[in-house]
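The values are calculated or read from the model by the stated rules, or taken from the named source; none is laboratory data. Since the model is a prediction, treat every value here as computed from it, not as a measurement. Glycine also receives a Cβ, built like all others from the backbone with ideal geometry; neighbour counts cover every protein chain displayed.
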Amino acid sequence: MTTVAQLRKAAAYLPEAVEDGGVFTVAGKPFAALAEDRRAHLHLSAADAAEVVAACPSAERVTGGVRIPLADITGQQLNHWVRRAWLAQAPERLARQAGAAETATAGAVGDLPAGIGRPATRALTAAGITALDQVAGLTEDELLALHGVGPRAVRILRETLANTGRSLAG
């Protein structure tokens with residue numbers, strides 16, 4: 001069983017996702033929405049919609065995707081399918097960044113330090129951030145808002161920037 005809060009969290013952490021009244025969009029295209037009956041409406045490809053229906057018999061196909069009761073799926077399933085819906089609607093540039101993030105290895109992306117770890121490296125790469133110069137343009141709060149970047153990664157980034165005479169914005 002999952003919750004409305006989990007849907008919001010799953011959708012909100014995706015790059016350039018915007019929520020307006022329970023509808024989540026990327027580049028103006030809806031990818032997920034919360035129906036009044038605590039169902040998630042996910043805008044998925046036909047193949048992904050078939051996967052959802054096969055995994056969850058209470059899911060129903062609707063135009064452009066599926067509608068699924070939140071109570072009938074796990075948080076992990078919801079996260080996966082919300083991300084697939086986002087990928088189906090995201091502009092190619094964002095989809096490429098997300099693909100690069102999936103394979104990003106700490107210490108192998110631009111000049112980002114290896115010490116920040118794989119989750120932070122993936123989060124930064126998914127946001128299109130692959131260089132310390134880009135990191136220097138962000139505030140600590142902006143970094144911490146990225147799912148996967150925690151206080152330890154921010155500390156390491158701050159120290160790395162300081163070693164080169166730079167700092168975080170703000």
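Residues in segment 122-137 that are under 27 Å from residue 85 (Cβ atoms) and either free of Cβ contacts under 8 Å to residues at least 24 places away in the same chain or among the aliphatic types (A, V, I, L, M) (or both) were compared, and the one that is surrounded by the fewest Cβ atoms within 10 Å (Cβ to Cβ) is 130.
Checking every residue in segment 145-161 against the condition of being among the hydroxyl-bearing types (Ser, Thr, Tyr), assigned to a helix (DSSP H, G or I) and modelled with pLDDT of 90 or more gives at least one match.
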